[in-house]
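We did not get these values from a lab; they are worked out from the coordinates using the rules stated. Note that the coordinates shown come from a computational prediction; the quantities given were computed from them, not determined experimentally. Cβ: placed from backbone, ideal geometry, glycine included. Neighbour counts: every protein chain shown.
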Amino acid sequence: MGNNALVAIDKSGSFRVYLAITTELTETARRIHATTPLATAGLGRVLTGAGLMGLLLKGKEDKLTVQFKGDGPAKQILATALADGRVKGYIANPEVELPLTEKGKLDVGGSLGVGELRVIKDLGLREPYVGSIALVSGEIADDLTAYYYISEQQNTAFALGVKVDRDYSVLCAGGMVIQMLPDAEEGAVDALETLLAEMLPLTSLIEEVMKAFPGERVEKLLEELLLLIFRDLPECYQVEKREERRILWECGCSRARMGQALIAIGKKDLTEIIEEDGQAELVCQFCESRYFFTKTELEELLAQATL
């Protein structure tokens, strides 16, 4: 897979754009978690949103976790992203189903219900930064937009979309972040407000460029998508691509990490597992990989435990 995200800036230096096509990423998550169309839409939006937020991080080793938690049947959607574009995530109830909304859309907001959005940023400091807000709509993009305005005092707009095909696979998915820069011109703010108010769903625009340029590489589709979205802005606010980036699925779990997780539970609990079960099987909540540990291996881990 090529570069599936890009960064652009307008000619006046008033705002920056992060744009991504994440069809492959979302389809990978759908296959791993065997999600219903509704769960696919929710998880895909959160993965894409988290991936774009990861690109906003400054340090190469920075990472963040985005957690949507509510009283609806989906319960929780969580994603973790790194500054280099790697992302992983899961939905607590991958089998969630609800009737379509009055507009005939998948009811992601209803699946989450009333709850909280929490963002945890590990920036290499002594303590991670934690910010949270009450869910605005549960539709993901609205909530992330509100989070940046409330918790980070940053005018940032998100657009996220996932379209599921008739066979439940992902037809297309993508996301966009528009972030105002210091000393942004008032005219740019007004122009963007008009653009966003009149903008078609992002998946409709992605489909449009896919049909116009069949078989093209994702880099080409992204460039055409950027032009399509911002074509009606005044010339002084037209956007120019600055760099290409990637957002891709990567879990990063391993047998060694799972072993460390067992050590971390402490001698008491690990001893109970050895005496009562004589073995252990750990399942990664992100990628569903399974790791089996024999009694002998557990005893070796117990010898390394310090608590």
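Can you give the calculated 222 nm mean residue ellipticity of the chain, where each DSSP H run of n ≥ 4 adds -39,500 (n - 2.57) and the sum is split over every residue, rounded to the nearest 500 deg cm²/dmol?
About -11500 deg cm²/dmol.
Report the charge-dipole magnitude of the chain in Debye, nearest 20, computed about the Cα centre from +1 at each Lys and Arg Cβ and -1 at each Asp and Glu Cβ. Walk me through the numbers on the way to the answer.
On the way: 33 positive and 48 negative charges, 114 e Å.
Charge dipole, the chain, about its Cα centre: 540 debye, nearest 20.
Once phi is turned into θ = phi - 60°, what whole-Hz ³J(HN,Hα) does the Karplus curve with 6.51, -1.76 and 1.60 give for every residue of the stretch 156-161, x standing for Gly and Pro?
My calculation for the stretch 156-161 gives 9, 10, 10, 10, 9, x Hz in order.
For the chain, set up a GNM with springs between Cα atoms under 10 Å and report which of 96, 283, 108 has the largest fluctuation.
283
What FRET efficiency would be calculated for the residue pair residue 235, residue 152, taking the C-beta separation as r and a Förster radius of 41 Å, to the nearest 0.05? Present the calculation step by step, with values, prior to reporting the outcome.
Values: r = 31 Å, r/R0 = 0.75.
Efficiency, rounded to the nearest 0.05: 0.85.
Pop out the ³J(HN,Hα) list for the stretch 58-68 in order, Karplus 6.51 cos²θ - 1.76 cosθ + 1.60 with θ = phi - 60°, rounded to Hz; leave Gly and Pro as x.
Ordered by residue, 3J(HN,Hα) equals 8, x, 5, 9, 5, 8, 9, 10, 10, 10, 9 Hz.
Stretch residue 271-residue 294 to full length: gain in nm at 0.36 nm per residue minus the Cα-Cα span?
Gain in length upon complete extension: 7.0 nm.
Run the numbers for residue 228 and residue 198: contour at 0.36 nm per residue of separation, minus the present Cα-Cα distance, in nm.
Working: separation 30, 0.36 × 30 = 10.80 nm, distance 1.29 nm.
Extending this stretch completely gives an extra 9.5 nm.
Compute the long axis of helix 218-230 from its Cα atoms, compare it with the longest principal axis of the Cα atoms of the chain, and write down the angle in degrees, 0 to 90, nearest 10.
Helix 218-230 sits roughly 50 degrees off the main axis of the chain.
For residue 58, which lysines qualify as cross-link partners when the Cα separation must be under 24 Å and same-chain residues fewer than eight apart are set aside?
Output for residue 58: 11, 88, 121, 241.
Give me the distance in nm between label points sitting 7 Å out from Cα along the Cα-to-Cβ direction at residue 7 and residue 256, one decimal.
So the two model labels end up 3.0 nm from each other.
Under 16 Å from the Cα of residue 268, which lysines turn up, not counting those fewer than eight places away in the same chain?
Leaving aside lysines fewer than 8 places away in the same chain, those within reach of residue 268 are 295.
Sort by residue number and report every cysteine in the chain with no other cysteine beta carbon within a distance under 4.7 Å.
Cysteines lacking a close Cβ partner in the chain: 172, 236.
Pop a pseudo-label 7 angstrom from the Cα along the beta-carbon direction at both residue 95 and residue 219 and give the gap in nm to one decimal.
If labels sit at residue 95 and residue 219, their model points lie 4.4 nm apart.
Under 5 Å between amide H atoms, partner at least 5 residues away or on a different chain: which partners does residue 135 have, H built in plane at 1.01 Å?
115, 116, 117
Can you give the net charge of the other residues whose Cβ lies under 13 Å from the Cβ of residue 21, counting K and R as +1 and D and E as -1?
Once positives and negatives cancel, what remains is -4.
Take peptides 124-134, 232-242 and line them up by average Cβ neighbours within 10 Å, highest first, as a rough protection proxy.
Answer by packing, highest mean first, reads 232-242, 124-134.
Among 169-176, 114-121, 206-213, how do they line up from the highest to the lowest mean number of other beta-carbon atoms within 10 Å?
169-176, 114-121, 206-213
Given H placed on each backbone N at 1.01 Å, which residues far from residue 62 in sequence or on other chains put an amide H within less than 5 Å of it?
83
Please list 3J(HN,Hα) in residue order for the stretch 209-217, calculated via the Karplus relation 6.51 cos²θ - 1.76 cosθ + 1.60 where θ = phi - 60°; whole Hz, with x for glycine and proline.
6, 5, 6, 6, 10, x, x, 6, 5
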